[in-house]
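Report on the following structure.
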Amino acid sequence: MEQVSHQETEEILRLAKLSLLQTGDFVELGCYKGDTSILLAKLLKDEKSDKKLWLYDSFAGLPEKTAEDSSTAGEQFKAGELFVSKREVIDKFRRANLPLPIIKKAFFEDLNPDADIPEEISFGFLDGDLYGSIKTSLKLVFPKLSKKGIIIVHDYNNPELPGSARAVDEFLRTHPEFRLTQKHTLAILSR
Ligand SMILES: C[S@@+](CC[C@H](N)C(=O)[O-])C[C@H]1O[C@@H](n2cnc3c(N)ncnc32)[C@H](O)[C@@H]1O
């Protein structure tokens with residue numbers, strides 16, 4: 001099943017292209033099968049950018065939901081769902097003849113901000129579905145975001161995954177320097 005709609009993908013690529021003008025690498029937290037990752041890598045290649053693409057996933061599927069994720073609309077999304085192997089993502093890049101990104105296999109909560117996250121980020125796509133995953137992703141990415149960098153969080157106002165919006169709204173309350181623009185179910189955060 002398609003995780004990101006066609007319209008959302010267009011918006012993600014439009015903003016990623018704009019971010020090429022800023023310093024810093026691209027990151028995607030929650031890459032799953034790498035469908036969006038491939039398009040980001042292709043953009044970097046086509047634009048002859050020397051930015052690196054960093055991908056993150058447990059490659060063990062989703063972690064457990066927390067109370068913030070509970071929704072009658074979202075009975076699916078159980079722990080272990082959306083499992084894909086790192087090898088599958090690597091093979092996809094090889095088949096597409098694209099340079100291999102940096103791929104980190106870990107639960108976001110176990111990542112080391114110094115060693116595992118690039119020093120500077122111009123574009124971040126956060127797609128971990130759940131409250132805790134988005135909260136942790138924001139905590140890892142925002143301190144490294146370049147001045148005019150962009151963070152996109154997926155599933156904002158998606159009734160099946162209410163934790164995403166909860167994590168974003170909470171972040172905005174505590175980081176008033178960030179503003180929110182919404183397009184489809186994307187929360188676009190910039191300073
Ligand atoms: C909806 S999928 C991502 C779809 C992908 N971004 C795309 O565009 O096709 C969510 C992914 O996030 C990963 N994920 C969610 N929470 C995580 C966490 N806390 N740590 C590591 N991976 C996580 C899951 O394993 C899953 O592969």
Note to self: Taking loop as defined by DSSP and a crowding limit of 12 other beta carbons within 10 Å, which trypsin sites (Lys or Arg not before Pro) in the range 64-140 fit?
What the structure shows: 78
Checklist line | DSSP-assigned coil residues among GluC sites (Glu not before Pro) in the range 8-84, each with at most 12 further Cβ atoms within 10 Å | finding: 47, 64, 75, 81
Checklist line | the range 1-145 - charge dipole about Cα centre, Lys and Arg +1 at Cβ, Asp and Glu -1, debye rounded to 20 | finding: 560 debye
Checklist line | Per-pair calculated FRET efficiency, R0 = 22 Å: residue 5 and residue 75 via Cβ, rounded to 0.05 | finding: 0.55
Next item on the list: May I ask for the net charge around residue 61, where only other residues with Cβ less than 14 Å from the Cβ of residue 61 are counted and Lys, Arg are +1 while Asp, Glu are -1?
Entry: -1
Next item on the list: In Å and from the alpha-carbon atoms only, list the Rg and Dmax of the range 6-190.
Entry: 15.3, 46
Margin query: Students often get this wrong: which residues of the range 21-41 have the backbone nitrogen under 17 Å from the point 7 angstrom along Cα-to-C-beta of residue 177?
Written below: 23-24
Notebook entry, point to check: For residue 103, what is the net charge nearby, where nearby means another residue's Cβ is under 13 Å from its Cβ and Lys, Arg count +1, Asp, Glu -1?
Noted result: +3
Next item on the list: State, as an integer percentage, the relative contact order of the range 6-190 based on alpha-carbon contacts under 8 Å between residues 6 or more apart.
Entry: 25 percent
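Read the figures in this text as sums done on the coordinates, not as results from a lab. Note that this is a predicted model, so its numbers are computed, not measured. Positions of Cβ are backbone-derived with ideal geometry, glycine not excepted, and every protein chain shown enters the neighbour counts.
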